[in-house]
Amino acid sequence: MAKCFLYLFIIVIVCSCQQQGAKQYEKLEKKELASSRRVDSIFFGLYFGMKSKQFFSYCWQMSKKGIFTDGLNNQYVLHKLDNGELKHEASMNFYPDFFDDKIFRMRVLYQYSAWAPWNKGLYSDSLLNDVLQLYQKQYPGGNPFIAISEKNRPTVYAKVDGNRRITIGILNDGTVKAIFTDLIVEQQIEKKDADKK
């Protein structure tokens with residue numbers, strides 16, 4: 001009976017925490033969007049609103065300096081993390097989504113260079129903690145990352161400052177995905193799509 005009560009108590013606490021994370025995030029997003037504050041920086045000098053031509057030219061310049069190279073399936077830009085940014089050497093593949101020929105979202109994939117199915121110490125759960133710590137150092141101002149958990153899904157971490165949302169979560173056994181989104185443009189796109197229906 002006592003064990004049954006303990007299990008029930010744990011389930012109630014876990015469900016309550018899951019709901020609090022989602023509610024906390026929704027409240028924060030609403031507050032930040034109402035502030036009209038703009039935060040457009042992404043990383044490496046890339047930013048929301050950058051035109052596609054500027055992006056490709058900038059990547060070409062960074063490639064000539066050896067900072068960027070061709071990434072995953074030649075569909076991403078690759079930056080090697082091998083200067084102690086993470087606990088182990090890793091690859092950072094990224095590519096933006098454009099709206100009206102301007103960056104409004106940046107998709108980023110992280111993977112430890114030595115990851116393999118038999119190398120359990122380099123799985124994405126370890127990498128997620130590593131990337132989260134890196135982002136907490138790289139984006140120290142504003143609001144903290146909020147853990148959002150849903151039933152039968154891995155935890156996602158989200159940070160919202162003004163119009164910029166950063167989310168980090170596990171994609172698969174070896175990969176962590178981060179997404180930078182301009183929430184104002186995302187809302188415009190959703191409204192445009194809704195108007196078409």
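Structure above, values below:
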read-out: Accessible surface of segment 65-151 [probe 1.4 Å, protein heavy atoms]: carbon and sulfur percent; value: 47
read-out: Mean Cα-pair separation over length for the chain, i.e. relative contact order, pairs under 8 Å, 6 or more apart, %; value: 21
read-out: Sites matching trypsin sites (Lys or Arg not before Pro) across segment 92-170 that sit in DSSP coil, with at most 14 neighbouring C-beta atoms within 10 Å; value: 151
read-out: Cα shape, segment 61-104, gyration tensor, a/c 1.5 rule; value: prolate
read-out: Choice from 166, 103, 67 with maximal GNM fluctuation in the chain (Cα, 10 Å cutoff); value: 67
read-out: Within a Gaussian network of the chain (alpha carbon springs, distance under 10 Å), most fluctuating of 178, 147, 116; value: 116
read-out: Rounded Å value of the spacing that divides the Cα centres of segment 75-122 and segment 156-188; value: 14
read-out: Per residue accessible area in Å² of segment 60-197, where ligands, DNA and RNA are left out and the probe is 1.4 Å; value: 56
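The values are calculated or read from the model by the stated rules, or taken from the named source; none is laboratory data. Source: prediction; values computed, not measured. Ideal geometry is used to build each Cβ from the backbone, glycine not excepted, and the neighbour counts take in all protein chains shown. Surface accessibility is based on the protein's heavy atoms, side chains included, excluding ligands, DNA and RNA. Shrake-Rupley method; radii C 1.70, N 1.55, O 1.52, S 1.80 Å.
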